[in-house]
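Below: the structure, in structure tokens.
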Amino acid sequence: MAPSVLLIGAGGAFGQPLTEEFIRKRSKFDRIAILAATEEKTSKFKYAQEDGVEIVIGSFLDPNVYKGFSHVISTVGNSIMRLQPGMIEAAIIGGVQHFYPSEWNSDISQKAIYGLRYFRDKQVTRDHLVAKAKGVPGFRYTIFITGIFTEWSVLEFYGFDHKKHTVKVYGKPDARVGLTSIPDIARYTVDSLLIPFEATGRDGAERVIRVGGEITTFQRVVDLLGEARDVKYSVTYVDPSEAITKEEEARLNGDEEAQMAWSIVPLISSGFGVPDGIPGSKLDNDRFSFIPEKVHETFQRVYKH
Ligand SMILES: NC(=O)c1ccc[n+]([C@@H]2O[C@H](COP(=O)([O-])OP(=O)(O)OC[C@H]3O[C@@H](n4cnc5c(N)ncnc54)[C@H](OP(=O)(O)O)[C@@H]3O)[C@@H](O)[C@H]2O)c1
């Protein structure tokens with residue numbers, strides 16, 4: 001039977017391109033639906049409704065919203081990331097058999113980044129899935145590891161100034177970094193529901209999928225952007241301990257958003273912003289039937305002008 005999928009967070013930065021990819025492959029699924037918290041929030045999903053996507057209105061903590069769905073994909077953002085264990089509880093009561101937690105990041109099981117504040121709520125969610133799968137026969141989950149979104153890798157957030165053509169980054173030029181474009185991440189995610197489930201560990205319930213567009217170095221990313229935009233960026237590499245100090249100041253000031261941001265800013269040039277950082281792990285690109293964009297192709301497509 002074709003999957004019936006409920007999307008939570010479909011209006012977000014990643015949720016929207018993911019929804020658009022589901023629409024392109026609509027015929028391969030029994031049902032595709034978007035969860036909206038309230039009636040007022042449904043207007044932004046009219047485009048999807050016109051293409052055969054249902055809207056379910058309600059709380060992700062209510063088991064009733066999950067009834068009739070085999071799969072849930074959560075693409076929620078940081079503001080409600082910590083509520084995912086409650087979502088999983090409700091989804092299981094509602095009859096869901098397969099849950100995708102909000103991930104799509106570098107491999108956060110690498111020891112060096114395992115404890116980062118930015119990933120705390122994702123780690124708690126993973127632990128919750130492991131525990132639930134032990135007690136709920138047939139329940140499965142998929143963890144999607146993609147590295148950093150190519151389009152996001154050159155944002156001001158990571159220290160880029162596109163007017164002055166400068167970059168201030170906390171790390172080193174030759175740090176490995178793994179990047180995948182947003183449309184490709186959406187394709188991998190949708191296609192993953194259509195390939196056979198192969199457990200990768202933990203009681204036969206867990207499937208980790210690692211994909212990547214390109215693994216390169218941070219300096220090469222800067223140079224490729226410069227080539228696409230026909231400008232030269234100059235980079236200042238700063239000691240990452242400065243970011244750690246700023247993170248701690250934010251924590252002491254009770255500024256959780258800044259604390260989270262400073263915890264992740266150095267990731268891109270740390271060497272750990274990759275999908276294949278665990279020894280022996282390899283990418284699953286060859287399980288899918290398309291070739292992902294290289295970094296220069298994404299930059300040419302998105303940032304040339
Ligand atoms: N690796 C990378 O470089 C990278 C980059 C970006 C994102 N990501 C990951 O991708 C995932 C998604 O991130 P994002 O930036 O796309 O998130 P986002 O833009 O913050 O989107 C969150 C969505 O959740 C929705 N939401 C909030 N409360 C809700 C509720 N009660 N019911 C239903 N929906 C609700 C929001 O809808 P409303 O606005 O209507 O409230 C919003 O559309 C995260 O895991 C993030 O870490 C990774």
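With a bin width of 5 angstrom, please list the P(r) values of the range 10-115 as percents of all Cα-Cα pairs, from the 0 bin to the one holding the largest distance.
Whole-percent P(r) values from 0 Å outward: 2, 11, 20, 24, 21, 12, 5, 3, 1, 0.
What pairs in K111/K168; K111/K132; K172/K232; K164/K232 have C-alpha atoms more than 20 Å from each other?
K111/K168; K111/K132
Taking the Cβ of T298 as the center, what net charge do the other residues with Cβ under 12 Å away carry, scoring Lys and Arg +1 and Asp and Glu -1?
-2
Could you give me the ³J(HN,Hα) list for the range 177-186, computed from phi with Karplus coefficients 6.51, -1.76, 1.60 and θ = phi - 60°, whole Hz, x at Gly and Pro?
9, x, 10, 9, 6, 4, x, 5, 5, 4
Once you sort the root eigenvalues of the Cα gyration tensor of the range 1-69 as a ≥ b ≥ c, which label holds: rounded (a/c under 1.5), prolate (a/b larger than b/c) or oblate (the other case)?
Note, shape of the range 1-69 comes out oblate.
Treating only the Cα positions of the chain as identical point scatterers, give the base-10 log of I(q)/I(0) from the Debye formula at each q in 0.08, 0.10, 0.12 Å⁻¹.
-0.36, -0.57, -0.83
Could you work out the per residue convex hull volume over the alpha carbons of the range 166-230, in cubic angstrom?
122 Å³
Skipping prolines and chain starts, which residues have an amide H placed within reach, meaning under 5 Å, of the one on I143, given they are 5 or more residues away or on another chain?
R207, V208, I209
Going highest first, how would you order 75-84, 148-157 by mean Cβ packing within 10 Å?
Ranked by mean Cβ neighbours within 10 Å, highest first: 148-157, 75-84.
Can you give me the Cα centroid spacing of the range 1-65 and the range 174-216 in angstrom?
After rounding, the separation between the Cα centres reads 21 Å.
Give me the Kirkwood hydrodynamic radius of the range 151-273 in Å, from all C-alpha pairs, to one decimal place?
For the range 151-273, the Kirkwood estimate is 16.5 Å.
Please label the shape of the range 215-296 as rounded, prolate or oblate, based on the square roots a ≥ b ≥ c of the eigenvalues of the alpha-carbon gyration tensor (a/c under 1.5 means rounded; beyond that, a/b larger than b/c means prolate, else oblate).
Note, shape of the range 215-296 comes out oblate.
Arranged by the count of other C-beta atoms within 10 angstrom, fewest first, what order do K111, K294 take?
Ascending number of Cβ neighbours within 10 Å: K111, K294.
Which residues' amide hydrogens lie under 5 Å from the amide hydrogen of N105, considering only partners 5 or more residues apart or on another chain, with H built in the peptide plane?
T146, G147
Determine the relative contact order of the range 13-57: mean sequence separation of Cα pairs under 8 Å and six or more apart, normalised by residue count, in whole percent.
44 percent
Which cross-chain or sequence-distant (5 or more) residues have an amide H under 5 Å from the amide H of T217, H modelled 1.01 Å from N in plane?
For T217, the qualifying residues are V177.
³J(HN,Hα) across the range 50-61 via Karplus (A = 6.51, B = -1.76, C = 1.60, θ = phi - 60°), whole Hz, x for Gly/Pro?
5, 9, x, 9, 7, 10, 10, 9, x, 8, 5, 9
So what is the relative contact order for the range 244-284, in percent, with contacts set as C-alpha pairs under 8 Å and at least six apart?
The value is 27 percent.
Once phi is turned into ³J(HN,Hα) by the Karplus curve 6.51 cos²θ - 1.76 cosθ + 1.60 with θ = phi - 60°, what whole-Hz value does each residue of the range 208-223 show in order, with x for glycine and proline?
After applying 6.51 cos²θ - 1.76 cosθ + 1.60, I find 9, 10, 10, 10, x, x, 7, 10, 9, 10, 4, 4, 5, 4, 4, 5 Hz.
For the range 51-100, what Kirkwood radius comes out of the mean inverse Cα-Cα distance, in Å?
11.3 Å is the Kirkwood radius here.
State the Kirkwood hydrodynamic radius of the range 64-156 in Å, one decimal place, computed from all pairs of distinct Cα atoms.
Every distinct Cα pair counted, the radius reaches 14.1 Å.
Each reported figure results from applying straightforward, stated rules to the coordinates on display, with no laboratory input. Keep in mind the model is a prediction, meaning the values are calculated, not measured. We place every Cβ from the backbone using ideal geometry, glycine too, and count neighbours over all the protein chains shown.
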